[in-house]
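> Encoded as structure tokens, here's the structure I'll be asking about.
The values are calculated or read from the model by the stated rules, or taken from the named source; none is laboratory data. What you are looking at is a predicted structure, and each value in this text was computed from that prediction instead of being measured. Positions of Cβ are backbone-derived with ideal geometry, glycine not excepted, and every protein chain shown enters the neighbour counts.
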Amino acid sequence: MSAETPPGRELHLVIGFDGSSAAIRALDAAARLLSVRPPGRITVVWVAHLSPAVELSADAVSIVEHDFDQVAAELRTTVGERLADSRLPWDFQWRQGLIAAELIAVAESVQTAKPEDVVVLLVGSSSSAMHRIVGSIAVSLAHHSPVPVTIVP
């Protein structure tokens, strides 16, 4: 039995990224993995999330969306700087909604567009005590993702 991916199949890593140390560890792990196991590519996804309880006026929504654009640009720059030396192909997406659901949607869209690729979601583990009690994005992905999930410690 071989651990190698058959020829013609790329490893497509979808990374949940919010700039936290856990997200940076996941991004670095993805770059290391693809540097020793080409071919592949990285899709970095930031999901802007507002609690469903938050109700905003049209003007406030416009301001928040502008702020989200700025955060996304900063995160994209951070990713570009971290991956610059790797020369790996990558792209950046930002979405708005429930984090786990949006990450799964990106992974499913990649899998649909390139069914021959191996798609894996990578996320950093949370060190928050609250997440250990009520669950984290990583745990939600592990329970609901249709593609393999790697949780980077």
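Here is a yes/no grid of residues against (1) at pLDDT below 95; (2) not in a helix (DSSP H, G or I):
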{"position": "4", "(1), (2)": "yes, yes"}
{"position": "12", "(1), (2)": "no, yes"}
{"position": "25", "(1), (2)": "yes, no"}
{"position": "30", "(1), (2)": "no, no"}
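> Anything in region 59-76 that is at pLDDT 85 or above and either aliphatic (A, V, I, L, M) or over 20 Å from the mean Cα position of the chain (by Cα) (or both)? List them, or say none.
71, 72, 73, 75
> Right, residue 111: touching a residue at least 12 places away in the same chain (Cβ under 8 Å) and within 12 Å of the chain's Cα centre (by Cα) or not? Give the steps one after another, and end with the answer.
Values: touching a residue at least 12 places away in the same chain (Cβ under 8 Å): yes; within 12 Å of the chain's Cα centre (by Cα): no.
Here the answer is no, as residue 111 does not meet what is asked.
> A further question follows. In a helix (DSSP H, G or I), at pLDDT 95 or above and either surrounded by 20 or more Cβ atoms within 10 Å (Cβ to Cβ) or not hydroxyl-bearing (Ser, Thr, Tyr) (or both): does that describe residue 79?
For residue 79, the condition - in a helix (DSSP H, G or I), at pLDDT 95 or above and either surrounded by 20 or more Cβ atoms within 10 Å (Cβ to Cβ) or not hydroxyl-bearing (Ser, Thr, Tyr) (or both) - is met.
> Give all pairs with beta carbons closer than 8 Å in which a residue from region 26-50 that is farther than 24 Å from residue 99 by Cα meets a residue that is of a type in the set (S, T, N, Q); count only pairs at least 6 apart in sequence or on separate chains.
Once the first residue is farther than 24 Å from residue 99 by Cα and sits in region 26-50, its partners that are of a type in the set (S, T, N, Q) give 34/86; 35/86; 37/5.
> Continuing with the same structure: Would it be correct to say that residue 85 is modelled with pLDDT of 90 or more and over 24 Å from residue 109 (Cα atoms)?
Yes; evaluated as a whole, the condition is true for this residue.
> A follow-up question, please. Taking the criterion of being charged (D, E, K, R), over 23 Å from residue 21 (Cβ atoms) and either surrounded by fewer than 18 Cβ atoms within 10 Å (Cβ to Cβ) or modelled with pLDDT of 90 or more (or both), would at least one residue in region 99-113 satisfy it?
Yes, because at least one residue in region 99-113 is charged (D, E, K, R), over 23 Å from residue 21 (Cβ atoms) and either surrounded by fewer than 18 Cβ atoms within 10 Å (Cβ to Cβ) or modelled with pLDDT of 90 or more (or both).
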